[in-house]
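Single-structure report; data block below.
Please treat every number below as a calculation from the coordinates, not as lab data. None of these values were measured; they are calculated from a predicted model. Every residue, glycine among them, receives a Cβ derived from its backbone with ideal geometry; neighbour counts consider all protein chains shown.
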């Protein structure tokens with residue numbers, strides 16, 4: 001039975017990783033520009049073009065279906081062409097792998113940066129991601145893969161995030177943001193924590209002080225969208241970071257002015 005389920009799991013993974021055929025690139029930055037703007041610990045969000053990407057975007061009500069962490073040349077690995085493998089990501093069929101930034105040169109992307117990281121914590125993020133390389137997913141848990149076969153499953157909005165975390169096996173980490181969320185939780189850097197308001201009285205007893213207590217959410221509940229909307233991550237736009245001047249744009253047709 002295990003052999004049959006593994007074969008089924010591999011087939012489902014290959015099916016879900018086929019292009020959807022309806023992708024439009026409208027916010028693309030070339031690899032060199034991205035590299036000039038990125039630093040280790042940055043999260044690269046990607047609007048993917050795979051069948052599984054369509055389902056994830058629907059379930060999260062977001063543009064972003066994939067996330068990877070930038071480590072720069074810290075990993076010391078290159079591909080067969082000598083290109084630095086400067087991203088670490090969780091892949092559905094290959095597990096946790098290092099890939100070159102150029103892999104997403106033709107995709108819509110967004111850079112989300114954790115702010116005020118110490119050098120030690122930045123290195124801890126890189127070490128955690130590098131230490132996860134080679135982790136694989138147990139594809140015999142086919143129920144975790146079957147939930148993506150319907151790009152727009154008829155489930156209530158309130159159930160969608162839970163549907164992404166459904167199941168108990170490693171395939172839940174096919175949502176790559178789960179691995180990245182674990183890395184940030186290791187250094188206690190917030191993404192979207194649950195916030196509890198505590199009210200305490202002062203010594204005089206006539207005033208109340210509010211204090212926020214952050215509660216860590218389980219890493220399986222995080223999605224790529226969370227890094228985009230988190231108040232603790234800064235969105236880096238390469239076009240603006242590299243000297244954008246709207247006066248230098250060349251429009252196809254002049255704009256009529258009164």
message: Give me 119, 51, 110 sorted ascending by neighbouring Cβ count inside 10 Å, so fewest comes first.
response: 119, 51, 110
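If R0 is 45 Å, what FRET efficiency do you get for residue 182 and residue 253 from their C-beta distance, rounded to 0.05? Kindly include the intermediate steps, with their values, before the conclusion.
Numbers: r = 50 Å, r/R0 = 1.11.
After rounding to 0.05, the efficiency reads 0.35.
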- prompt: Just how far, in whole angstrom, is region 1-17 from region 74-135 if you go by their alpha carbon centroids?
  reply: 26
message: As a footprinting exposure proxy, order 45, 149 by other Cβ within 10 Å, with the fewest listed first.
response: 149, 45
message: Which residues among region 47-71 fall inside the zone where the amide N is under 17 Å from a point 7 Å beyond the Cα of residue 14, along Cα→Cβ?
response: 51-52
message: If neighbour count is taken as other Cβ atoms inside 10 Å, put 20, 65, 124 in order from fewest to most.
response: 20, 124, 65
- prompt: Could you state the per residue volume, in Å³, of the convex hull enclosing the Cα atoms of region 1-119?
  reply: 150
